[in-house]
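Report on the structure given below.
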């Protein structure tokens with residue numbers, strides 16, 4: 001029998017109202033029924049009140065206020081503390097899950113050594129199609145699985161937080177997601193809080209298995225504003241800043257282990273494909289090659305700046321035990 005799964009969706013803005021409703025509907029339509037769906041609202045009283053009214057008569061959907069500091073990490077920690085399931089699955093607030101999403105997660109946890117399972121996140125371009133210059137190797141810029149990431153059902157260093165499930169015991173062992181890393185409602189699109197957590201989990205439990213199962217699919221909406229080169233460059237720079245924080249937390253050996261392979265193998269191959277397409281007269285080839293180079297330089301610049309700030313003590317983050325300042329059952333709206 002499959003373990004009970006709690007689904008957590010962290011939300012923060014009424015601008016995504018229709019997206020939020022679609023995300024919740026996709027969880028409720030799963031072939032494997034979730035024990036509950038938790039909507040964690042990040043310091044937005046108006047949205048909290050609106051969602052509470054929307055799901056007032058729905059027993060399997062609970063609306064909670066983020067009991068920690070503003071940001072995605074604290075929101076997830078609030079959801080973890082309040083969840084009743086043995087497995088806790090996270091879904092982005094602007095994504096919809098395919099019908100067997102939770103079923104594929106549950107199959108991964110049949111092995112008791114597995115503490116996390118990640119899925120495949122596909123871009124849903126608001127304009128209707130991928131920009132011709134946008135390289136698939138950089139789909140992580142828009143929160144999706146990128147070309148070069150391991151495919152199938154394989155062991156990985158870390159899962160991607162907007163489409164992943166964790167065994168509750170993972171948080172008992174390693175604590176919660178670190179605050180001060182990742183999205184916090186500010187203008188800079190930071191990330192990597194799930195990377196830092198997974199590396200920390202692996203250190204606390206060296207025998208733990210973290211899986212990627214690309215049958216667990218969600219479709220992540222990419223607004224037109226994120227299809228532009230300005231966002232591409234800004235997000236790449238922010239990733240460098242975030243990676244510097246991760247390296248400060250867990251060390252550069254682990255913090256950049258996967259990134260070295262990505263930088264030395266995946267990206268050069270992507271540049272070569274782009275240049276070949278350009279030589280053959282295919283649309284966007286030169287643009288994709290140029291975008292990869294620009295993205296690398298932007299990320300590297302962010303990493304250098306983030307490392308300098310970290311050494312000077314200008315950036316702080318903290319890891320809390322789940323239940324410590326995370327609200328738990330005391331946080332429902």
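The values are calculated or read from the model by the stated rules, or taken from the named source; none is laboratory data. Computed from a predicted model, the values in this text were never measured in an experiment. Here Cβ is always computed from backbone atoms with ideal geometry, including for glycine, and neighbour counts include all displayed protein chains.
Where helices (runs of 4 or more DSSP H) fall entirely within region 236-333, those with at least 2 residues that are within 22 Å of residue 141 (Cβ to Cβ) and at pLDDT 80 or above are at 257-261, 267-279, 285-311.
Being part of a helix (DSSP H, G or I) and either in contact with a helix residue (DSSP H, G or I) (Cβ under 7 Å, 6 or more places away or on another chain) or crowded, with 17+ Cβ neighbours inside 10 Å (or both) is a property that does not hold for residue 216.
Yes/no per residue for (1) modelled with pLDDT of 95 or more; (2) over 26 Å from residue 204 (Cα atoms); (3) surrounded by fewer than 19 Cβ atoms within 10 Å (Cβ to Cβ):
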site	(1), (2), (3)
68	no, no, no
76	yes, no, no
79	yes, no, no
92	yes, yes, no
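So, residue 129, is that one closer than 17 Å to residue 12 by Cβ, out of contact with any helix residue (DSSP H, G or I) (no Cβ under 6 Å at 6 or more places or on another chain) and surrounded by fewer than 18 Cβ atoms within 10 Å (Cβ to Cβ) or not? It is false that residue 129 is closer than 17 Å to residue 12 by Cβ, out of contact with any helix residue (DSSP H, G or I) (no Cβ under 6 Å at 6 or more places or on another chain) and surrounded by fewer than 18 Cβ atoms within 10 Å (Cβ to Cβ). Only residues that are part of a helix (DSSP H, G or I), under 16 Å from residue 91 (Cα atoms), without any contact (Cβ under 8 Å) to a residue 40 or more places away in the chain and out of contact with any strand residue (DSSP E or B) (no Cβ under 8 Å at 6 or more places or on another chain) were counted in region 1-55, giving 3. I'd like to check something: does region 112-119 contain any residue that is under 20 Å from the mean Cα position of the chain (by Cα), under 19 Å from residue 169 (Cβ atoms) and surrounded by fewer than 23 Cβ atoms within 10 Å (Cβ to Cβ)? Within region 112-119 (the criterion being under 20 Å from the mean Cα position of the chain (by Cα), under 19 Å from residue 169 (Cβ atoms) and surrounded by fewer than 23 Cβ atoms within 10 Å (Cβ to Cβ)), the answer is yes, since at least one residue qualifies.
Applying the set (1) on the phi < 0 side of the Ramachandran plot; (2) in contact with a helix residue (DSSP H, G or I) (Cβ under 8 Å, 6 or more places away or on another chain); (3) at pLDDT below 95 to residue 148 leaves exactly one unmet item: (1). The set of residues in region 159-171 that are modelled with pLDDT under 95 and more than 22 Å from residue 292 (Cβ to Cβ) comprises 159, 161, 162.
Whether any residue in region 63-83 is touching a helix residue (DSSP H, G or I) at 6+ places or on another chain (Cβ under 7 Å) and free of Cβ contacts under 8 Å to residues at least 60 places away in the same chain is what I want to check. No - not one qualifying residue is present in region 63-83.
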